[in-house]
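The values are calculated or read from the model by the stated rules, or taken from the named source; none is laboratory data. Please read all numbers here as calculations on a predicted model, not as lab measurements. Neighbour counts run over all protein chains shown; Cβ positions are idealised from the backbone, glycine included.
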Amino acid sequence: MKIAAISPNKVRLNEIGKLLQAASHVAVLTEGGAGKLRQVAEQDQPDLMLVDGIGCCEDSLAPIEDLTTHHPQIAVVLLCAETSPAFLLSAMRAGVREVLPSPAGQAELETAVTRICGKLRGAPGRGNGKVLAFMPCKGGSGATFLATSLGYQLAQARSVLLIDLNLQFGDALSFVHDQRPPSTMADVARAIDRLDASFLAACTVRITPSLSILAAPEDHAQAVEIGPEHVDAVLALAVQHYDFIVLDIGRPVTNLSIKALDRAHRIYTVMQAGLPSIRNAKKLLAIFKSLDYGPDKVELVINRFERKGAIGAAEIERALGKFTIHTVPNSYRHVTAAVDHGEALMTDAPSDPVLRSVAQLAQTISPRQEAPRSLLERLVRRQLVAG
């Protein structure tokens, strides 16, 4: 594994280098501070960067966030004396994998490096990212909420890019973020010749260190500039750099949406347990059949499901055929509050039953193995649960 270490302290830098070399890593040692981050990332292209001595206040995290935004493939560990929960949360939002004390003990640093390198080696290789598409049967089905919630869940362990392909009315970003995006899918399409991993990452909004969103354009005139070839190029690149690409696709079946659906590993058809939704689902499934999307690719998600309702999962299966069916319970108050606040349900209501259903879906997609958590992960999780 290629690991770069940056520190203004030459003695400390040499100690880190000896530890890395003893563990058979390729060590790149740079004496200096935050001004060297981008240079080292671009020239040496390490898998992991150990950054020591840049300061322990939130303002000092700006160069780190710039680094993780432009080079999302590089894992960053910060060595810092500050370990308060507030600073750790800020570090997480800036894209830091772990925060260790500075100077770090040999055993602690070695354990952290081994843990992160193990995760990096276990990540999917180039071209192995999975595309998951969410498509509603009718307006108001809750497809955008489920897409953003699933993306947030998967990002607890994997890297996720959510792309809003509801180009005329897309508002996926507003479900987890309360500000306007600096760039959108339209900006990517206009500069498609510049498309690479750094440009794509720079056009997204970083929600958490592992979840980014490429927003839909806010102007309809910009939406019409986006073609199937732009979507195909973005997805071809994204699967090389993200574990999962979640697509929030609008209801109309168009050449553009078909291009996206062709690349999808799974299509989650979102519906409700009502006759209008069932009728629309039947039409949509017929279209999928004509496109040769079989039951191995299409799954049903029954949103706002009432177990004692008039129409159950068995009746829906009889009406639509044999498909894998997932149910998500109704939790109007918590879900509405989370959406209104522009926050993920995991942050706004971490014990909500809807969240448990989404977590179960995430588990079927990406089974997680429990592993010892870092100090940063434990404190962040504690803050989220308490919040």
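A few notes on this one:
- With a requirement of 3 or more residues that are surrounded by 19 or more Cβ atoms within 10 Å (Cβ to Cβ) and at pLDDT 85 or above, the helices (runs of 4 or more DSSP H) lying completely within segment 303-366 that satisfy it span 353-365.
- Residues of segment 31-46 that are surrounded by fewer than 18 Cβ atoms within 10 Å (Cβ to Cβ) and in contact with a helix residue (DSSP H, G or I) (Cβ under 6 Å, 6 or more places away or on another chain): 31 alone.
- Within segment 247-263, tally of residues that are assigned to a loop (DSSP other than H, G, I, E, B) and in contact with a helix residue (DSSP H, G or I) (Cβ under 9 Å, 6 or more places away or on another chain): 4
- Conditions (1) modelled with pLDDT of 90 or more; (2) over 24 Å from residue 240 (Cβ atoms); number of the one not met by residue 168: (1)
- Test: residue in segment 16-37 that is within 26 Å of residue 157 (Cα to Cα) and either of a type in the set (D, E, K, R) or touching a Leu at 6+ places or on another chain (Cβ under 7 Å) (or both): yes
- Test: residue 254 is surrounded by fewer than 21 Cβ atoms within 10 Å (Cβ to Cβ) and more than 17 Å from residue 161 (Cβ to Cβ): yes
- Of the residues making up segment 13-26, those that are closer than 17 Å to residue 103 by Cβ and in contact with a strand residue (DSSP E or B) (Cβ under 9 Å, 6 or more places away or on another chain) number 7.
- Residues (aliphatic (A, V, I, L, M), at pLDDT 90 or above and closer than 16 Å to residue 287 by Cα) located in segment 245-274: 249, 256, 258, 260, 261, 264, 267, 270, 271
- Conditions (1) within 26 Å of residue 253 (Cα to Cα); (2) outside any strand (DSSP E or B); number of the one not met by residue 111: (1)
- Selection within segment 12-28 - in a strand (DSSP E or B) and either in contact with a Ser or Thr (Cβ under 8 Å, 6 or more places away or on another chain) or surrounded by fewer than 18 Cβ atoms within 10 Å (Cβ to Cβ) (or both): 26
- Members of segment 229-246 that are touching a Leu at 6+ places or on another chain (Cβ under 8 Å) and within 19 Å of residue 134 (Cβ to Cβ): 231, 234, 238, 242, 243, 244, 245, 246
- Qualifying residue in segment 147-162 (condition: of a type in the set (Gly, Ala, Ser), touching a Lys or Arg at 6+ places or on another chain (Cβ under 9 Å), on the phi < 0 side of the Ramachandran plot and not in a helix (DSSP H, G or I)): yes
To keep it simple, each residue is scored yes or no on (1) under 23 Å from the mean Cα position of the chain (by Cα); (2) assigned to a helix (DSSP H, G or I); (3) modelled with pLDDT under 80.
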{"position": "81", "(1), (2), (3)": "no, no, yes"}
{"position": "96", "(1), (2), (3)": "yes, no, no"}
{"position": "104", "(1), (2), (3)": "no, no, yes"}
{"position": "119", "(1), (2), (3)": "yes, yes, yes"}
{"position": "133", "(1), (2), (3)": "yes, no, no"}
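- Some residue of segment 151-165 being assigned by TED's automatic domain parsing to the domain that holds residue 262, surrounded by fewer than 21 Cβ atoms within 10 Å (Cβ to Cβ) and of a type in the set (Asp, Glu): no
- Residue check, residue 212 among the hydroxyl-bearing types (Ser, Thr, Tyr), under 22 Å from residue 191 (Cβ atoms) and outside the structural domain of residue 73 (by TED's automatic domain parsing): yes
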